[in-house]
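Quick notes on the structure that follows.
The values are calculated or read from the model by the stated rules, or taken from the named source; none is laboratory data. Worth saying up front: this structure is predicted, and the values here are computed from it rather than measured. Positions of Cβ are backbone-derived with ideal geometry, glycine not excepted, and every protein chain shown enters the neighbour counts.
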Amino acid sequence: MKRRHFLEVFGLSPVAALAQQGQPRADPVETMTPGPTPAIGVCHVGFHPNARKRVVVRQQAARSFVLRDIGSGPAFQQEFPLQSAASDLGPAAMGDFSAITREGLYQIRVGEELSPPFFIRPDAWRRLLPTVTSYHRAQRCGVAVPNVHPVCHLDDARRRDTREHIDTTGGWHDAGDLRKWMTATMMNAFGLLALHRHLGAAWDLAGSGLAPLEEELRWGNRYFLKMQNSDGRVWADVAGGVNGDNSDNHWTDNKIGTADDRYLNPSINGLAQAMFTAMQAMYEHAFRDSDPGYGAVCLRAANKCWQANARKGGVTELSWWLLAAIELEQNATAEQIVDILLPLQQSGGYWPMSATDPEPYKHAVHGALPPFAILEAARVLRRTPRGHSCESAVRRYIEHYVVPLCDRSAYGIVPFGVFTGSPTPERYRTLQRNRTYRFFMPVRKQFWWLGLNAHLGSHALLLAQAARDFQQPAWRDLAVRQFEWIFGNNPFGASLASGIGERNPYPHSRYVGVIPGGIMNGICGNADDEPILDTTFRGNWRTNEYWSPHLGYFEWAQAILESS
Ligand SMILES: [Zn+2]
C-alpha cells in the first residue's frame, strides 16, 4: 500500500491538544543525538549475496558512494548513485548495491568517510549464532561461569509473603543486573527453542550439534520449573525488588537464611502463565525424541499451568495463550481465541490494547506478537474459513500498518506505534485525523522508556514467517532491515551488540561488564522523537543495557530466516 492510501486509512486532522500531565525528570541521554559523522549507515554484519543491500547517508547533498572490495580477492571497485530519500528521521540519501552478489569483504566510501568493513557472504548472519547464544551461558545464575563470575545466588530465595525459603536456584540473570524476571528471561528459552526447532544440529556451522543448545535450555528450565506453584500457576520473579526497587540486585553469600537472601515474588501475572505454558510445550517438542522422560516433565508442567488458568487478558496475553493452545494442540481453544482476536482488528490493520481499551496496540517487547500468533494459528487452521481469515488479518496488518510506517524513514524500521492524539507533552508525528505516531517510546509518559530492539526483532520474526508462508520476498527484506538498524545501519553508525560490528557503546552491565553477543536495548528517542544513544560512557540503561528479549527475538527470527 502506498503512503497516500495509508493516510486515507487514518484520516487527516490536526494533532490534538497536548495532555496536561506531570513530566518525568529529563534523562541526560536525551541530549545524546547523532553528530555530523559518521554519516554512513550500513549493516556491519554484512549481507547474504542474494539480499537487498542498502546504505543510508545522512547527507542529503551526497550524490554517490563507492563500494570497494578490501579483502584478499581480485580488485573490485564500483561507484553507485545516491538518491535523496524522504525520511521522517532526518534528511538522508539512499543507495542500493543489491546488484553486487560476489562474495568479499567490502567497504563504502562517501567523500572522505569510510564505513566499517562488512562481508557479502552466505553465512553473514548464520556465523553470529554461536556468539549470540554464548551470551546465555554468561548470564547463568546459580553456578560459577568461568571468566565471568563466581558461583552465585545459591540461597535464592525467600517468599516475600511468608519468608519461607524455596529453592529457586538456576536460570539466567535477566539483563545488565542480577534479577530473574520470568516474563523476560523466558524469552531466552524461546530463542534457543526456535533455533533447536528450525535449524536443528545445523544451527552451529562449526558442528557442535544440539548438545550445547539442549544443555543451555535445561539450565534455564531448572529455574522455570521451580517457579511453578503446586496449584500449577507460576510466580512472577526472584529478586525483582521488593517495592519496585533495586534492593535485591546484589551478590549474596550463598548461605540460606542469612540477611542477604533475595526474595521470591509469588504474585501471579497473566502473561507469565501464558508464556510458561507455551514454553514448556515447546520444551516437550524439543526433547521428546532425545529424552522422552524430560519431555514428559515439561509437558506435565505445561498442562498443569494450562488447567490452572483461564485464557483471558488483553491482546498480549491472549496472543500468548493462542501460541500455547497451538503448541498443546488445543485446537478448539485456539479457535475460540482467534474468534476474540480477529474482530478486534481495526481498519488501519492494527489491534487495540484490549477489548475494553481502544488505544492502538503498542508493546516494547512483544510488538508484533498478535499477528505472529494469528499467523501460527493460520497454519494449524489451514484450509478452513477461520484459517483464511487469519491469513487475511496478517496480510492486512503488514500491508496497511507495517509497510506504510516503515516507509516513513530511510532506515525501514517499524516505529514504536500509533497513538490517539498527543497523550503527553512531547512530539507525536502526525498521521491522519486524531492518529499520530512515534518511532520511539514517549519519554514524558512514565519512568520506564527504553530502546526497542525486541520490538524490532518481534516484527522481524513476523515478517520472516509471513514472507515464507505467503511467498513475499519483499517482507523478508523488511525483516532483515530491522536487524540492519540494530547492527549499524542507524544514525549513529553503531552496532548495538557487544563483539559484533563496530562502535558498540559500552554496555550497561554493572556486574560482569562486556558479554560478547549481548544485545543492548537500543536507540531511544528524546521528547522530539529524535534518535538518542549513549556513546559517551555514561552507563545509561535505557539505550545500553543488555536484555533477554532482544536476544530471544533475534534468535527466533534468525531461526526462521536461516531455515527459509
Ligand atoms: Zn546469580
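General observations
- If you go through segment 292-325 and keep only what is outside any helix (DSSP H, G or I) and free of Cβ contacts under 8 Å to residues at least 60 places away in the same chain, you end up with Ala310, Arg311, Lys312, Gly313, Gly314.
- Filter result (within 24 Å of Asn229 (Cα to Cα) and more than 16 Å from the ligand (Cβ to nearest atom)) within segment 242-264: Val242, Asn243, Gly244, Gly257
- Scan of segment 150-196 for residues that are within 16 Å of the ligand (Cβ to nearest atom) and among the small types (Gly, Ala, Ser), ordered by number: Ala157, Gly170, Gly171, Ala175, Gly176, Ala184
- Count of segment 59-91 residues, restricted to those that are of a type outside the set (Val, Ile, Thr) and over 32 Å from the mean Cα position of the chain (by Cα), is 17.
- Taking segment 495-514 as the range and being part of a loop (DSSP other than H, G, I, E, B), touching a His at 6+ places or on another chain (Cβ under 9 Å) and among the hydrophobic types (A, V, I, L, M, F, W, C) as the test, the residues that pass are Leu496, Val512.
- Sole exception among (1) crowded, with 16+ Cβ neighbours inside 10 Å; (2) touching an Asp or Glu at 6+ places or on another chain (Cβ under 9 Å) for Ser64, by number: (1)
- Some residue of segment 187-198 being on the phi > 0 side of the Ramachandran plot, of a type in the set (Gly, Ala, Ser) and part of a helix (DSSP H, G or I): no
- Hey, Arg140 of a type in the set (D, E, K, R), crowded, with 19+ Cβ neighbours inside 10 Å, under 25 Å from Glu555 (Cβ atoms) and touching a helix residue (DSSP H, G or I) at 6+ places or on another chain (Cβ under 9 Å) or not: yes
- So Gly367, is it closer than 22 Å to Met275 by Cα and in contact with a strand residue (DSSP E or B) (Cβ under 8 Å, 6 or more places away or on another chain): yes
- For segment 307-359, the set of residues classified as more than 26 Å from Ser230 (Cα to Cα) and in contact with a Gly (Cβ under 6 Å, 6 or more places away or on another chain) consists of Met353, Ser354, listed by residue number.
- Test for Gly518: is it of a type outside the set (A, V, I, L, M, F, W, C), surrounded by fewer than 18 Cβ atoms within 10 Å (Cβ to Cβ), at pLDDT 95 or above and closer than 29 Å to Pro150 by Cβ: no
- Hey, Thr133 assigned by TED's automatic domain parsing to the domain that holds Leu199, within 19 Å of Arg218 (Cα to Cα) and more than 9 Å from the ligand (Cβ to nearest atom) or not: yes
- Residue that is farthest from Ala93 (Cα to Cα) [pool: residues in segment 485-542 that are in contact with a Leu (Cβ under 7 Å, 6 or more places away or on another chain) and β-branched (Val, Ile, Thr)]: Ile519
- On the stretch given as segment 264-290, residues that are part of a helix (DSSP H, G or I) and of a type outside the set (A, V, I, L, M) total 9.
- Condition met for Glu214 (more than 16 Å from the ligand (Cβ to nearest atom), within 26 Å of Val151 (Cα to Cα) and assigned by TED's automatic domain parsing to the domain that holds Cys141): yes
- Pairs, first free of Cβ contacts under 8 Å to residues at least 24 places away in the same chain in segment 275-286, second in a helix (DSSP H, G or I) and small (Gly, Ala, Ser), C-beta under 8 Å, six or more apart: Glu284/Gly295; Glu284/Ala296; Glu284/Ala302
- Scan segment 366-387 for residues that are more than 16 Å from Leu323 (Cα to Cα) and part of a loop (DSSP other than H, G, I, E, B) and the total you get is 2.
- Residue check for Ser87: under 30 Å from Ser563 (Cβ atoms), among the polar types (S, T, N, Q) and not assigned by TED's automatic domain parsing to the domain that holds Ala211: no
- Those residues of segment 191-220 which are surrounded by fewer than 23 Cβ atoms within 10 Å (Cβ to Cβ) and in contact with a Gly (Cβ under 8 Å, 6 or more places away or on another chain), in sequence order: Ala201, Leu210, Trp219
Table: residues versus (1) out of contact with any strand residue (DSSP E or B) (no Cβ under 7 Å at 6 or more places or on another chain); (2) of a type outside the set (Lys, Arg); (3) outside any helix (DSSP H, G or I).
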{"position": "Arg444", "(1), (2), (3)": "yes, no, yes"}
{"position": "Phe447", "(1), (2), (3)": "yes, yes, yes"}
{"position": "Ser458", "(1), (2), (3)": "yes, yes, no"}
{"position": "Gln465", "(1), (2), (3)": "yes, yes, no"}
{"position": "Trp475", "(1), (2), (3)": "yes, yes, no"}
{"position": "Arg481", "(1), (2), (3)": "yes, no, no"}
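- Pairs, first without any contact (Cβ under 8 Å) to a residue 12 or more places away in the chain in segment 154-174, second more than 10 Å from the ligand (Cβ to nearest atom), C-beta under 8 Å, six or more apart: Glu164/Arg158
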